[in-house]
Amino acid sequence: MGNKVFLDGKLVDREEAKVSVFDHGLLYGDGIFEGIRVYSRCIFKLKEHLDRLFESAHSIMLSIPMTKNEIENAIIKTLKANRLSDGYIRLVVTRGVGDLGLDPNKCKVATIFIITDKIKLYPEEFYRKGLAIVTVPTMRNLPETLNPSIKSLNYLNNIMAKIEACNAGCIEAIMLNKDGYVLECTGDNVFIVKRGKLITPPTYLGALEGITRNAIIECAKKLKIACEERILTRHDLFNADEIFLTGTAAELIPVVEVDKRTIGDGKSGAISLKLLKAFRAITPKDGVKYSL
Ligand code: PXG
């Protein structure tokens, strides 16, 4: 059985899942998306992802031609068609088909599609050993230009940052803002641990309010680990006791080296691993359940 994709109201075969070359999602990156995980037939934090999608849409004045409930049903239908219990969902809404001009009013109806697939994770040894990462020259968007709370299809500067990380032999990049403050990675938020306390950059500086980030903050509260949002510099990273990244694909992944500086004792930290365990305990429970 081939992989089925939900496209504009219908389930179609993967090979037939095509959008027009006149779609403004392709021509201008005019659209928004969500990446969502499924664990043991539980769509993790689906409500939070749908809320963020609709907030992104509201902000860019994009009218989504389905309700949250209809999208939820479409996601479940797609997962069932592909008989997936665990995997990854990519939900995308674009401005739709228009003409060769920027005017979004020429796009009569938004394009909406849902891809579900198995997920390729970082190898398990990275979770045990931790990552070596670098800070890169390409900055995150200024919040005054494209607000990072909008999860838009414009990822070019994050892609440039990813290229810079790859050129340095690393798989992730720390992106800074125009003042040199730490923001986040190309598709993950960042936390440090200093003297037993968790610290993460405030989102108003220009980082995405990640759903995994919020879930980790909840786990920390339950474990009575203090957590604060504070501006961080590269110096704070280099001298952290522990660092980890959080995101839908990565979950929580420890970092043991930044710009060739060893972090802490160079091993995955105890608090990072404790939080990863607590996070993995909630993933098959905290969301919308379905049966196959
Ligand atoms: N920052 C940015 C810039 C992101 O794009 C996150 C943080 C983490 O947010 P969540 O809500 O996932 O905890 C993201 C999310 C990918 C991929 O293929 C990346 C994201 C989402 C889906 C897929 O690398 N980024």
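The values are calculated or read from the model by the stated rules, or taken from the named source; none is laboratory data. What you see is a predicted model; the values in this text were computed from it and never measured. Cβ placement follows ideal geometry from the backbone for every residue including glycine, while neighbour counts extend to all protein chains displayed. Protein only, heavy atoms only, side chains kept; ligands, DNA and RNA dropped before computing areas. Shrake-Rupley method; radii C 1.70, N 1.55, O 1.52, S 1.80 Å.
Look at where the Cα atoms of segment 230-254 and of segment 117-160 average out, and the two centres are 13 Å apart. For segment 90-199, which GluC sites (Glu not before Pro) are in a loop by DSSP, counting at most 13 other Cβ atoms within 10 Å? Filter output for segment 90-199: Glu144. What is segment 234-292 by shape, rounded, prolate or oblate, if you read a ≥ b ≥ c off the alpha carbon gyration tensor as root eigenvalues and call it rounded for a/c under 1.5, prolate for a/b larger than b/c, and oblate otherwise? It is prolate, given that a/c is not under 1.5 and a/b is the larger ratio. Legend: calculated FRET efficiency, Ala81 to Leu26, from the Cβ-Cβ distance at R0 = 35 Å, rounded to 0.05, equals 0.90. Remark: relative contact order (segment 124-282) = 26 percent; criterion is Cα-Cα distance under 8 angstrom and separation of 6 or more residues. Annotation for segment 1-98: trypsin sites (Lys or Arg not before Pro) lying in DSSP loop with at most 12 further Cβ atoms inside 10 Å of their Cβ are Lys18, Arg83. Only alpha carbons enter this Debye calculation for segment 185-239, each as an equal point scatterer, and the log10 of I(q)/I(0) it gives at q = 0.31 Å⁻¹ is -1.40.
Springs between Cα atoms under 10 Å define the GNM used for the chain, and in it the highest mean-square fluctuation of Val256, Val182, Val19 occurs at Val19. Dipole magnitude for segment 4-117: computed about the Cα centre from +1 point charges on Lys and Arg Cβ and -1 point charges on Asp and Glu Cβ, it is near 400 debye. Averaging over all projection directions, the Cα-based convex hull of segment 88-144 occupies 7.7 nm² in the image plane.
With the helix formula -39500 (n - 2.57) applied to DSSP H stretches of n ≥ 4, the chain reaches a computed 222 nm mean residue ellipticity of -8000 deg cm²/dmol.
Could you check the simple spin-label distance between Glu209 and Tyr155, using points 7 Å along Cα→Cβ, in nm with one decimal? Going from the Glu209 label point to the Tyr155 one covers 2.2 nm. A full extension of the chain between Ser40 and Asp265 corresponds to an added length of 77.5 nm, given 0.36 nm per residue minus the alpha carbon distance. The smallest convex shape that holds all Cα atoms of the chain, its convex hull, gives 133 Å³ per residue. Relative to the current alpha-carbon distance between Asp51 and Lys221, full extension at 0.36 nm per residue lengthens the span by 58.9 nm.
In segment 140-276, Rg over Rh equals 0.94, where Rg is the alpha-carbon radius of gyration and Rh the Kirkwood radius from pairwise Cα distances. Which pairs, out of Lys47/Lys151; Lys68/Lys224; Lys80/Lys129, put more than 24 Å between their alpha-carbon atoms? The pairs that break the limit, which is 24 Å between Cα atoms, are Lys68/Lys224; Lys80/Lys129. Using a probe of 1.4 angstrom and keeping all protein chains present, the accessible surface of segment 4-117 works out to 49 square angstrom per residue. In this structure segment 124-282 gives 45 Å² per residue of accessible area when probed at 1.4 Å with all protein chains present.
Within the same chain, aspartates and glutamates fewer than 8 places from Lys18 are excluded, and of the rest, those with a Cα less than 15 Å from its Cα are Asp8.
Counting only other residues whose beta carbon sits under 14 Å from that of Ala168, what net charge do I get with K and R as +1, D and E as -1? Once positives and negatives cancel, what remains is -1.
Which percent of the accessible area of the chain is formed by carbon and sulfur heavy atoms (probe 1.4 angstrom)? Whole-percent figure for carbon plus sulfur exposure: 55.
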